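Everything on this sheet refers to the single structure shown next.
The values are calculated or read from the model by the stated rules, or taken from the named source; none is laboratory data. Computed from a predicted structure; not experimentally measured. Remember, those area values only see protein heavy atoms, side chains included, never the ligands or the DNA or RNA. Shrake-Rupley method; radii C 1.70, N 1.55, O 1.52, S 1.80 Å.
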Amino acid sequence: MTSPREQLSPRARESLERIKRNGEHLLGLINDVLDLAKAEAGRIEVRMAGVNVGQLARACLAEVDSLRGSKELRLVADVGDAPIETMTDAQRVRQILLNLLSNAFKFTDQGEIVLTVRAVGTEIHLSVHDTGIGIPAHAMKELFQDFHQLDMGDGRHYEGTGVGLALSRRLARALGCEIEVRSGAGDGSTFTLVLPFVAPRPAADPSPNSVPPPMSSTGTLQ
């Protein structure tokens with residue numbers, strides 16, 4: 001039986017996909033605003049667990065791949081060969097990285113965006129570097145202001161709510177992290193999330209005195 005979706009014309013399918021993407025984008029903006037309000041009230045929820053940072057970085061880069069559109073941009077994941085693991089909140093780190101990557105796409109029309117993961121002493125650095133227009137010196141101090149659109153000095157209007165960077169810094173600080181920035185007009189930008197390295201806790205061994213639940217005749221737990 002043919003589904004209603006399969007009966008749509010290519011143009012109708014494209015319109016449907018656009019509506020879906022716009023709806024997801026709007027939902028993301030609403031969630032960002034709600035999270036910002038929670039952060040201001042000191043109610044950010046953090047759930048710490050062992051995280052493979054390299055895998056998480058690759059997944060984030062794949063998630064934003066569609067933002068390239070018609071731009072001539074190369075996306076690079078430079079995570080190294082050795083796995084890097086730490087205790088942190090994967091969902092919050094993902095949220096920060098997606099905001100930083102989205103910001104890089106906004107201000108970069110050609111060249112590349114590189115997501116780098118490195119273990120540096122007692123820290124893990126997750127850096128988003130772009131070859132975009134860069135940030136003029138006068139705008140650096142305004143970067144993390146709530147609902148503030150930067151004046152990049154090029155006369156162009158860039159889409160956005162001015163929430164992403166402000167929220168990202170609050171989330172980072174809730175995780176005991178910081179976001180560092182290096183940029184200059186015409187020189188691109190590098191935003192680095194600095195995570196403290198915390199060795200993941202090994203899985204707890206079952207207590208020798210514990211009694212396992214009975215098994216059924218099929219070998220499944222009852």
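Things worth noting here:
- When the convex hull of its Cα atoms is viewed from all sides, segment 53-99 shows a mean projected area of 3.6 nm².
- Cα-Cα P(r), segment 74-124, percent of pairs per 5 Å interval: 4, 15, 22, 25, 19, 10, 4, 0
- Rounded accessible area of ARG169 (nearest 10 Å², 1.4 Å probe): 70 Å²
- Most to least accessible of ASP109, ASP81, ASP187 (protein chains only, probe 1.4 Å): ASP81, ASP187, ASP109
- In Å², nearest 10: area of CYS60 left accessible to a 1.4 Å probe: 0 Å²
- Ligands, DNA and RNA excluded, the heavy atoms of THR122 present near 110 Å² of accessible surface to a 1.4 Å solvent probe.
- Accessible surface, 1.4 Å probe, highest first, among residues SER127, SER66, SER168: SER66, SER127, SER168
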